[in-house]
Amino acid sequence: MGNVPRFILGLTMAVLLPNFVVSFSTKTKIDTSTDQSALQALKAHVVSDPQKILETNWPITTSVCNWSYLLIFLTCFSLALPPQIGNLSFLASLNLMNNSFHGSLPIQLANLHRLRFIELGENYFYEEIPSWFDSFPKLQYLSLSANKFTGQIPSDMFERLPKLQSLNLGMNNLSGKIPIDLLKCKELQSINLESNRLEGILPKEIGNLTMLRILHLDNNRIQGVIPFDFPNLLNLEQLNISCNRFRGFIPSTISNLTRLTNLDISANFLSGEIPSDMFERLSKLQVLDLASSWIHTSIPMSLFKCKELQIMNLAVCGFGGILPKEIGNLTMLRSLDLSFNEIEGVIPHQIGHLLKLEHLSISSNGLKGLFPSISNL
């Protein structure tokens with residue numbers, strides 16, 4: 001194989017074995033010939049020495065029921081996904097992440113009605129996302145991230161995915177609006193649509209997803225105000241809507257998200273004052289990024305109650321007033337950026353309590369006086 005890079009393709013059939021165990025215990029015979037021939041055809045399509053792989057991973061003398069995990073070493077670039085994969089009737093988990101598959105997705109995939117897990121990220125699939133993804137009524141996890149999909153997210157794709165818990169369509173070239181039907185998947189816990197070209201508003205129906213823990217919409221073109229229905233998202237842990245076109249005030253209802261660990265609303269067109277009590281109940285916050293928000297207020301004192309903060313970026317926010325001595329309470333801080341604000345007065349010596357600090361930027365302010373010693377900086 002020379003210097004040709006070797007990629008790994010994993011097809012994990014996690015639920016294949018339990019299905020057959022039940023069948024054996026009830027002495028019901030199942031015809032697995034279709035699965036076996038499909039696996040052999042798939043293997044022959046993607047490897048240069050299929051017999052060698054067959055002997056080591058798929059023994060001819062062993063039932064297909066025992067082929068619970070497939071490991072194939074790809075020996076060339078830019079393979080199309082073979083249509084034979086649609087014959088794997090018992091497949092429950094499909095993971096083709098980080099290979100060199102390209103082209104459009106074969107419609108034969110729609111035959112795999114038992115799929116619960118689909119991971120196709122970091123390939124070169126293109127064209128539009130096919131609407132036949134609604135063929136998987138048991139689907140819980142879907143990732144098509146870091147491909148080259150274009151067009152709109154199919155609006156009717158989610159009508160038959162009632163069990164969907166995680167959706168990742170980030171880092172593609174998707175356009176159009178966030179489909180309302182997506183927000184009807186009540187079991188969703190994670191949504192990642194980052195780095196696309198999505199536009200329109202963030203629908204208020206986002207508040208219906210009471211089980212949502214992760215929401216990443218950063219690097220799109222979403223506009224309008226931030227919805228005020230955050231009180232319903234009490235399980236939210238990560239909220240990233242940075243680098244969009246949101247306008248208006250930062251809603252005070254963010255303070256109800258008491259499980260938040262990451263909050264990034266930077267690089268929008270937000271203005272107005274931060275609610276003084278916004279951080280009173282955000283004790284678990286570890287990452288806070290408000291950069292490039294024209295807030296024009298002093299740093300709220302409630303912020304210094306977030307004792308678990310590790311990264312805080314308040315650059316280019318128009319903050320005025322002094323830098324409170326309570327900054328020394330944030331002893332977990334590793335990165336602090338207060339640059340390009342209107343903060344005045346002396347640098348409080350309590351900043352020397354930040355022994356874990358690795359990055360500090362306080363440039364372009366009105367600060368003066370001696371710089372406190374920070375031994376580990």
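Taking amide hydrogens as modeled 1.01 Å from N in the peptide plane, which residues meet the under 5 Å criterion relative to LYS177, leaving out close sequence neighbours?
Correct list: GLU199.
Tell me the Rg and the Dmax, in Å, that the Cα atoms of the stretch 110-242 produce.
For the stretch 110-242, the Cα radius of gyration and maximum Cα-Cα distance read 13.9, 42 Å.
How many nm separate the modelled label positions at TRP294 and GLU122, each set 7 Å beyond the Cα in the direction of the Cβ?
Once both label points are built, they end up 4.1 nm from each other.
Rounded to the nearest 0.05, what FRET efficiency is calculated for SER373 and VAL346 with R0 set to 22 Å and r the Cβ-Cβ distance?
The value I calculate is 0.90.
Pulled fully out, how much extra length does the chain show between GLN310 and LYS284, if you take 0.36 nm times their separation in residues and subtract their Cα-Cα distance?
So the chain would gain 8.3 nm between GLN310 and LYS284.
Got a sec? Which residues in the stretch 265-282 would a label at SER364 touch, if it sits 7 Å along Cα→Cβ and we count backbone N under 20 Å?
The answer is 265-272, whose backbone nitrogens lie closer than 20 Å to the label point.
Using the basic label-point model (7 angstrom from Cα toward the beta carbon), what is the ARG259 to PHE228 distance in nanometres?
Computed distance between label sites ARG259 and PHE228 equals 2.5 nm.
Highest mean first, what order results for 80-87, 309-316 on Cβ atoms within 10 Å?
Peptide ranking by packing, descending: 309-316, 80-87.
Give, in nm to one decimal, the length gained when the segment between TRP132 and MET301 is fully stretched (0.36 nm per residue of separation minus the Cα-Cα distance).
This chain segment gains 55.7 nm when fully extended.
Can you give the percent of C-alpha pairs in the stretch 68-361 whose distance is more than 32 Å?
36 percent
Could you compute the net charge surrounding GLN238? Neighbours are other residues with a C-beta less than 13 Å from the C-beta of GLN238; K and R count +1, D and E count -1.
In short, -2.
Listed highest first by mean packing, meaning other Cβ atoms within 10 Å per residue, what order do 278-291, 122-135 come in?
Per-residue Cβ counts within 10 Å, averaged per peptide and sorted highest first, yield 278-291, 122-135.
Along its principal axes, what span do the Cα atoms of the stretch 318-374 show, with the longest given first and each in whole Å?
Computed over the stretch 318-374, the largest-to-smallest principal extents equal 25, 18, 17 Å.
Laboratory data are not the source of any read-out in this text; all were calculated from the coordinates shown. Worth saying up front: this structure is predicted, and the values here are computed from it rather than measured. Methodologically, a virtual Cβ is constructed for each residue, glycine included, from the backbone with ideal geometry; neighbour enumeration extends over all protein chains shown.
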